[in-house]
1. Binned at 10 Å from 0, what are the whole-percent values of the Cα-Cα distance distribution for segment 2-144, short to long?
2. Please give the peptides 282-288, 231-237, 181-187 ranked by average Cβ packing (other Cβ atoms within 10 Å per residue), highest first, as a rough proxy for protection.
3. Work out the P(r) tail for segment 111-241: percent of alpha carbon pairs separated by more than 18 Å, whole number.
4. So what's the angle, to the nearest 10 degrees on a 0 to 90 scale, between helix 183-194 and the longest Cα principal axis of the chain?
5. Show which aspartates and glutamates lie in cross-link reach of K177 when reach means a straight Cα distance below 12 angstrom and same-chain residues fewer than eight apart are skipped.
6. To the nearest 10 degrees, how steeply does helix 120-133 sit against the main Cα axis of the chain, on a 0 to 90 scale?
7. Could you tell me which residue out of M191, G77, I94 lies farthest along the dipole of the chain toward its positive end? Charges go on the beta carbon: Lys and Arg +1, Asp and Glu -1, centred on the Cα centre.
8. Summing -39500 (n - 2.57) over the DSSP H runs of n ≥ 4 in the chain and dividing by its residue number, what mean residue ellipticity at 222 nm do you reach, to the nearest 500 deg cm²/dmol?
Amino acid sequence: MLFITGATGFVGSHLLKALQKDAVEARCLVRTEEKAKAVQSLGFDAVIGDITDRESLTGKLKGIELVVHLVGIIQEGSGITFNRVHVEGTENLINEALSAGVKNFFYQSALGADLESPFKYLKTKAEAEELLKISGLNFWIFRPSLIIGPGDGFTENIKELLRLSPVVPVPGSGNAKFQPLSIDDWVRAFMKTLKNSSSSGTIYEFGGPEHLTYNEILQIIMKEMGIKKPLVHIPVGIVKAGIPLTYLFRKLGVKIPPVSAEQLNLLQKNNITDIDSMEKHFGFKPESFETAIKKAI
Ligand SMILES: NC(=O)c1ccc[n+]([C@@H]2O[C@H](COP(=O)([O-])OP(=O)(O)OC[C@H]3O[C@@H](n4cnc5c(N)ncnc54)[C@H](OP(=O)(O)O)[C@@H]3O)[C@@H](O)[C@H]2O)c1
């Protein structure tokens, strides 16, 4: 039996579909009764808890063979910090796994996770990885690039932006490179890893088959949506400060999504790895961005 955190999110919900197909048993940690009912309706067990609340996890990992820890946030909120969710939350889960006698732990980190990173998202992901490495548990860590598929937050935001704005605002030059991969390939990679217990202790850094700039990504999404709008580059400082030009853009109907300063900075930085990373790690060729985005749209 697997114990899954983040099962109600984008990645988790796609994973549940694959597990359902293969009749893999899982117990999902969810935060509300309503979400518990939703995962139960798919044939999985549900327990209510929050990884940032150690007590809420007590006794919930009994009989579990593998923890699949997918929880992550991309933006901090009131009382919800990267440190609290990624570091303390993972520590709570590791401690509960150890008390319950669980042996195996999968952690979904992110491409670029680094203890020295100036980005709190990436630094705290690396800190969580460190906790797992010294826990004594068998572990598997995925560091995927941007994941694309039906319901992914990135494409949803871009779709809305493209539909509602007469022009497409791009923070900065839009020349930073990304390596998006399809959610179907992420699931395939996960299922392969699940069946290969001898790979314990591995950190898998991977992305799709192309290095694409943010500008190129926008152009491909527009092509698939049948939309043609000019890209308008806005200096990052202006977007960040939320000063008059941003206000003016909003007044003109140019939608600028609510993003944090950290997210804007992340958009300016390459987030890529080897182009053949999935072949090397998992032995298959991933889908192109175009194929993935068609499914997402
Ligand atoms: N999507 C990507 O492109 C991408 C790329 C690289 C790495 N990742 C990593 O992959 C993981 C999954 O990403 P995603 O896109 O599926 O995220 P998502 O759609 O935002 O889902 C996040 C999940 O975490 C749950 N959650 C959040 N805080 C929690 C808490 N304190 N206790 C228990 N559950 C909590 C949410 O539950 P609720 O339903 O209750 O909100 C939801 O199920 C994250 O760790 C993310 O950093 C994602």
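Readers should treat all values here as calculations from the given coordinates under stated rules, not as data from a laboratory. If you're wondering where the values come from, they're calculated on a predicted model, not measured in any experiment. Every residue, glycine among them, receives a Cβ derived from its backbone with ideal geometry; neighbour counts consider all protein chains shown.
1. Reading the bins upward from 0: 12, 44, 36, 8, 0.
2. Order by mean packing, descending: 181-187, 282-288, 231-237.
3. Result for the distance tail: 65 percent.
4. 20
5. E210, E216
6. 20
7. Value computed over the given set: G77.
8. It lands at -11000 deg cm²/dmol.
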